[in-house]
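Enquirer: The structure is given below, and queries will be raised subsequently.
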Amino acid sequence: MALEPVSQAFLALLAETRDPPIHEGTPALARMSGPIFAGMSGRGPEVASVRNLRLGGDGGRFRVRVLVPEGESRSVIVYFHGGGWVIGDIDLQYDHLGRQLANLTRSTVVLVNYRKAPEHPFPTAIEDSWIGLNWAAEHSGEFAPDGVPLIVAGDSAGGNIAAVMTQWARDRGGPHIDYQVLVYPVTDCDLGRPSYLAPENQLLLTRETMAWFWGHYLPNEQARTSPDASPLRADNLAGLPPALVYVAECDPLHDEGVAYANALAAAGVPVALEDAFGQMHAYFQMVNILPGAATGVALVADHIGKFLGESGKVV
């Protein structure tokens, strides 16, 4: 299936600006696009309360934002945003996305603004995220009823982090994660899969751009094979929480997302694999820009809602 028409028009509009591709610029230049896209998305919906705080210690501090919907929260969703571990911010489109997710799922959403590479390379992002996850688990009673399910979610590099968090939680004795949502996740450092090489997939994210992100996040190519960087390479995926893996058809990361879903299923983990046909990488965060964003968050909310209805832990 070809890329859907609105995305085609969006890419044509970007091409008219004649800005260099991300991989030909600097991280500072790449980060300048965030406020532009956020302006196109607009403000997110109202939620019952918003709490901002800083976590961390002597190694450095980072921000988290707690978005609480009206009424009792049915779960706590810890969300890790995308951006190749280099760009992205909880003040921009992810605030809008988090608010939508909170209202649609009737869940408290905790956005983790982990520190970015290259200023803070691997493993800073996952170490910050681990602190954020544990904080959310320990303090969930402050913004949700006791005992509600704990969910991790993320897109792209954030999906990578969410997957790593489930493995760490299993191997470190908690916190207990009930469900995971991985939207076109980075699961492996192999850039030679067919979806990476397909010319028709070189759109908003290209193979060269992904190599640029990896180069800033973890320059040591051999170290990228660690499960902490490439969760698909873990020796054992058994015992991880049920998962939704949601990939985009026209995306260099498509095949590694499918591979991770298949590997989870082979290890006995309940998995739902969804494919966003006609969508490219980054569509999920393009709130009010690409129609796939609304469809995508609705699909995720539906899967979360079904899980909550079946989990027996809903308050």
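Enquirer: Among the residues of the stretch 117-142, what is the count of those that are surrounded by 20 or more Cβ atoms within 10 Å (Cβ to Cβ) and out of contact with any helix residue (DSSP H, G or I) (no Cβ under 7 Å at 6 or more places or on another chain)?
Expert: Total satisfying the criteria: 4.
Enquirer: For the subset of the stretch 1-33 comprising residues that are loosely packed, with under 11 Cβ neighbours inside 10 Å and either closer than 17 Å to PHE277 by Cβ or in contact with a helix residue (DSSP H, G or I) (Cβ under 6 Å, 6 or more places away or on another chain) (or both), which member is modelled with the lowest pLDDT?
Expert: Going through the qualifying residues, I end up with MET1.
Enquirer: Of all the strands (runs of 3 or more DSSP E) wholly in the stretch 46-148, which have at least 3 residues that are under 15 Å from the mean Cα position of the chain (by Cα) and at pLDDT 95 or above?
Expert: Values: elements: 49-57, 60-68, 76-80, 108-113.
Because the criterion is at least 3 residues that are under 15 Å from the mean Cα position of the chain (by Cα) and at pLDDT 95 or above, the strands (runs of 3 or more DSSP E) in the stretch 46-148 that meet it are 76-80, 108-113.
Enquirer: From the residues in the stretch 92-116 that are touching a Lys or Arg at 6+ places or on another chain (Cβ under 6 Å) and not charged (D, E, K, R), which one is surrounded by the fewest Cβ atoms within 10 Å (Cβ to Cβ)?
Expert: Result: ASN113.
Yes/no per residue for (1) in contact (Cβ under 8 Å) with a residue 12 or more places away in the chain; (2) buried (at least 22 other Cβ atoms within 10 Å of the Cβ); (3) touching a strand residue (DSSP E or B) at 6+ places or on another chain (Cβ under 9 Å); (4) not acidic (Asp, Glu):
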| site | (1), (2), (3), (4) |
| --- | --- |
| VAL247 | yes, yes, yes, yes |
| TYR260 | yes, yes, yes, yes |
| GLY268 | yes, no, no, yes |
| ALA276 | yes, yes, yes, yes |
| MET280 | yes, yes, yes, yes |
| GLN285 | yes, yes, yes, yes |
| THR295 | yes, no, yes, yes |
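Enquirer: State which residue is farthest from the chain's Cα centre (by Cα) when the search covers only the stretch 205-227 and only residues that are buried (at least 20 other Cβ atoms within 10 Å of the Cβ) and not in a helix (DSSP H, G or I).
Expert: Per the stated criteria, the residue is LEU218.
Enquirer: Under 8 Å between Cβ atoms, at least 6 apart or on separate chains: pull out the pairs that start in the stretch 1-30 with a residue that is among the charged types (D, E, K, R) and end on any residue that is part of a helix (DSSP H, G or I) and surrounded by 14 or more Cβ atoms within 10 Å (Cβ to Cβ).
Expert: From residues that are among the charged types (D, E, K, R), the pairs are GLU4/PRO291; GLU4/GLY292.
Enquirer: Please verify whether ILE151 is within 15 Å of PRO175 (Cα to Cα) and over 15 Å from the mean Cα position of the chain (by Cα), treating the condition exactly as stated.
Expert: Details: within 15 Å of PRO175 (Cα to Cα): yes; over 15 Å from the mean Cα position of the chain (by Cα): no.
For ILE151, the condition - within 15 Å of PRO175 (Cα to Cα) and over 15 Å from the mean Cα position of the chain (by Cα) - is not met.
Enquirer: Keeping to the stretch 149-185, report how many residues are under 18 Å from LEU97 (Cβ atoms) and in a loop (DSSP other than H, G, I, E, B).
Expert: Matching residues across the stretch 149-185 total 3.
Enquirer: Next up: Need the failing condition index for SER73 against (1) more than 29 Å from PRO118 (Cα to Cα); (2) loosely packed, with under 14 Cβ neighbours inside 10 Å; (3) touching a Lys or Arg at 6+ places or on another chain (Cβ under 7 Å); (4) of a type outside the set (Lys, Arg), just the number.
Expert: Here SER73 meets the rest and fails (2).
Enquirer: Right, next: Mind checking which pairs have a first residue in the stretch 104-118 that is closer than 29 Å to ARG74 by Cα and acidic (Asp, Glu) and a second that is buried (at least 24 other Cβ atoms within 10 Å of the Cβ) and at pLDDT below 95, Cβ under 7 Å, 6 or more apart or different chains?
Expert: Pairs found: none.
Enquirer: Here's a follow-up. Tell me whether the stretch 180-188 contains one or more residues that are among the polar types (S, T, N, Q), in contact (Cβ under 8 Å) with a residue 40 or more places away in the chain and within 22 Å of GLY88 (Cα to Cα). Before you say what the answer is, go through the steps one by one.
Expert: Taking the stretch 180-188 as the starting set, the residues that turn out to be among the polar types (S, T, N, Q) are 180, 187.
Subset that is in contact (Cβ under 8 Å) with a residue 40 or more places away in the chain: 180, 187.
Those still in the list that are within 22 Å of GLY88 (Cα to Cα) too: 180, 187.
Yes, some residue in the stretch 180-188 is among the polar types (S, T, N, Q), in contact (Cβ under 8 Å) with a residue 40 or more places away in the chain and within 22 Å of GLY88 (Cα to Cα).
Enquirer: How many residues does the stretch 186-202 hold that are surrounded by fewer than 20 Cβ atoms within 10 Å (Cβ to Cβ) and part of a loop (DSSP other than H, G, I, E, B)? Before you say what the answer is, go through the steps one by one.
Expert: Here is the first cut: in the stretch 186-202, the residues surrounded by fewer than 20 Cβ atoms within 10 Å (Cβ to Cβ) are 190-194, 197-200, 202.
Those still in the list that are part of a loop (DSSP other than H, G, I, E, B) too: 190-193, 198, 202.
Here the count works out to 6.
Enquirer: Which residues, taken from the stretch 232-264, are among the small types (Gly, Ala, Ser), farther than 23 Å from LEU205 by Cα and part of a helix (DSSP H, G or I)?
Expert: At the first step, the residues of the stretch 232-264 found to be among the small types (Gly, Ala, Ser) are 234, 238-239, 243, 248, 257, 259, 261, 263.
With farther than 23 Å from LEU205 by Cα added as a condition, the list becomes 234, 238-239, 243, 263.
ALA263, the sole residue that qualifies.
The values are calculated or read from the model by the stated rules, or taken from the named source; none is laboratory data. Computed from a prediction, not measured in an experiment: that's the story for all the values here. As a convention, Cβ positions derive from the backbone with ideal geometry for all residues, glycine included, and neighbour counts pool all protein chains shown.
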